[in-house]
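Please treat every number below as a calculation from the coordinates, not as lab data. Because the structure is a prediction, the values reported are computed rather than measured. Positions of Cβ are backbone-derived with ideal geometry, glycine not excepted, and every protein chain shown enters the neighbour counts.
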Amino acid sequence: MAIITLTSDMGTSDHYVAAVKGAILSQLKEAVIVDISHQIAPFNNRHAAFVLRNAWPHFPEGTVHIIGVNPEADGQTPHVAAGFKGHFFVGADSGIFHLLFDGQPDTVVELTLKPDDGRLTFPTKHVFVKAACHLARGGTIDLLGRKLAAVREQINVRPVVNNDTIRGEVIHVDHYGNVITNITKEAFTSVVKHHAFKIAFGASRHDITAIHKTYSDVPVGERVAFFGDSGLLEMAVNKGAVGNGGGAAQLLGLRVTDPVLLELAAVPAKTVAHA
């Protein structure tokens, strides 16, 4: 089964996504096309990488992932195909691949494919689709172009971890208004251990002093912190969403890149709720 996923900033109000899907099906009628998201913030590599890196590991090996964000090539930004852990990724080498893997892919080639009609303004359709269909048919990545040693690096912002503090930031706000930070469970555990702590991100009345397992551990409308499926610290409001009382981002006034500070309390405690 040939699976091709699409991640883009093209939205769904125009013809662009449908045109890409039509181009895929014209070349590979049996393709299974899966939309990861077309609501990526325009030209935002970090947003695209966060969404795709939390989705692609759940697909079977052999899946091909088209990245239609910042798709244009220039002298410093070639079109590439990359292989990593049995998956293939096709897009422009704008730094996004490094964000997807936290390092280098297993293999990467610069695409030498040219649009059949010479059009350069829609590479997702005219270049990426050709490469993706080749790979989805079982074609080798080496036939797509010249092998490269590495992809361009774009570094994710990492939290600053000290003996008694972690200084992180908001890296994503999802559809429900849940706030996702770059603080990992491993970093949290290494600092907190069995000490009391607080998570601060604005007015002190919003400080969070416990980690829970899921939304329903607190009453409806209450704020809650937990480690989500991505393994990152999240703040949410139980049953809170836009149009239903507001999510954490709205109620706590948080946006992407806002700072989040975790620090130990002055007096150690024996337990941490639901840690």
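Order these by the 10 Å Cβ neighbour count, fewest first: Asp217, Asp229.
Asp229, Asp217
Once the Cβ-Cβ distance between Asp229 and Glu30 is put in as r, and R0 is 41 Å, what FRET efficiency do you end up with, to the nearest 0.05? Intermediate results must be reported in sequence, preceding the final value.
On the way: r = 31 Å, r/R0 = 0.75.
It comes out at approximately 0.85.
Find which of Asn45, Ala18, Gly103 sits farthest along the positive direction of the dipole of the range 3-147, computed with +1 on the beta-carbon of Lys and Arg, -1 on that of Asp and Glu, about the Cα centre.
The residue sitting most towards the positive pole is Ala18.
Only one of the values [x] 18.5, 59; [y] 21.2, 70; [z] 17.7, 51 was calculated from this structure for Rg and Dmax of the Cα atoms in Å; name its label.
Among [x] 18.5, 59; [y] 21.2, 70; [z] 17.7, 51, the one derived from this structure is [y].
As a quick test, which of the pairs Lys29/Lys147; Lys114/Lys147; Lys85/Lys114; Lys213/Lys239; Lys85/Lys147; Lys85/Lys125 have an alpha carbon distance above 22 angstrom in this structure?
Lys29/Lys147; Lys85/Lys114; Lys85/Lys125, as the Cα separations exceed 22 Å there.
Quick one: work out the % antiparallel among DSSP beta bridges in the chain, nearest 5. Spell out each step's value before the answer.
On the way: 38 of 52 bridges.
Antiparallel bridges: around 75 percent, rounded to the nearest 5.
Please pull out the direction-averaged projected area of the range 54-159, using the convex hull of its alpha-carbon atoms, in nm² to one decimal place. Walk me through the intermediate numbers first.
Values: hull surface 27.6 nm².
Across all orientations, the range 54-159 yields a mean hull projection of 6.9 nm².
Can you put Ser37, Ser190 in order, fewest other beta carbons within 10 Å first? Present the calculation step by step, with values, prior to reporting the outcome.
On the way: Ser37 17, Ser190 12.
By the 10 Å Cβ count, ascending: Ser190, Ser37.
Step through the residues of the range 101-106 one at a time and calculate ³J(HN,Hα) from phi using the Karplus curve (6.51 cos²θ - 1.76 cosθ + 1.60, θ = phi - 60°), rounding each to whole Hz and writing x for Gly and Pro.
With coefficients 6.51, -1.76 and 1.60, one gets 10, 6, x, 9, x, 5 Hz.
Quick one: putting +1 on the C-beta of Lys and Arg, -1 on the C-beta of Asp and Glu, what dipole do you get for the range 3-147 around its Cα centre, in Debye to the nearest 20?
In total the dipole reaches around 180 debye.
Just tell me the longest site-free run in the chain, where the sites are GluC sites (Glu not before Pro) in a DSSP loop having at most 15 other beta-carbon atoms within 10 Å. If you can, show how the numbers build up before the last one.
On the way: sites that count: Glu30, Glu61, Glu72, Glu153, Glu222.
Result, exposed sites excluded: 73-152.
About its Cα centre, what dipole magnitude does the range 160-264 give when the only charges are +1 on Lys and Arg Cβ and -1 on Asp and Glu Cβ, stated in debye to the nearest 20?
Computed about the Cα centre, the dipole is about 140 debye.
Residues with amide H under 5 Å of Glu222's amide H, sequence separation 5 or more or different chain, H placed in the peptide plane at 1.01 Å from N; which?
Those qualifying (amide H under 5 Å, at least 5 residues apart or on another chain) are Asn238.
How would you rank His98, His175, going from fewest to most other Cβ atoms within 10 Å of each one's own Cβ? Mind dumping the intermediate values first?
Working: His98 21, His175 10.
Fewest-to-most ranking of His98, His175: His175, His98.
Please list, in chain and number order, the residues 5+ apart from Phe197 or on another chain whose amide H is under 5 Å from its amide H, with Hs placed from the backbone.
HN-HN under 5 Å from Phe197: Ala265.
Counting only DSSP beta bridges with both residues in the range 3-147, tell me the antiparallel percent, nearest 5. Present the calculation step by step, with values, prior to reporting the outcome.
Values: 14 of 27 bridges.
Of those bridges, close to 50 percent are antiparallel.
Find how much the distance from Gln104 to Arg205 grows on full extension, using 0.36 nm per residue of separation minus their present alpha carbon separation; answer in nm with one decimal. List each step's numbers first, then the result.
On the way: separation 101, 0.36 × 101 = 36.36 nm, distance 4.27 nm.
Gain on extension, Gln104 to Arg205, equals 32.1 nm.
Indicate the gyration tensor shape class of the range 1-56 (rounded, prolate or oblate), computed on the Cα atoms with a ≥ b ≥ c the square roots of the eigenvalues: a/c under 1.5 is rounded; otherwise a/b larger than b/c is prolate and the rest oblate.
Values: a/c = 3.16, a/b = 1.43, b/c = 2.21.
In terms of gyration-tensor shape, oblate.
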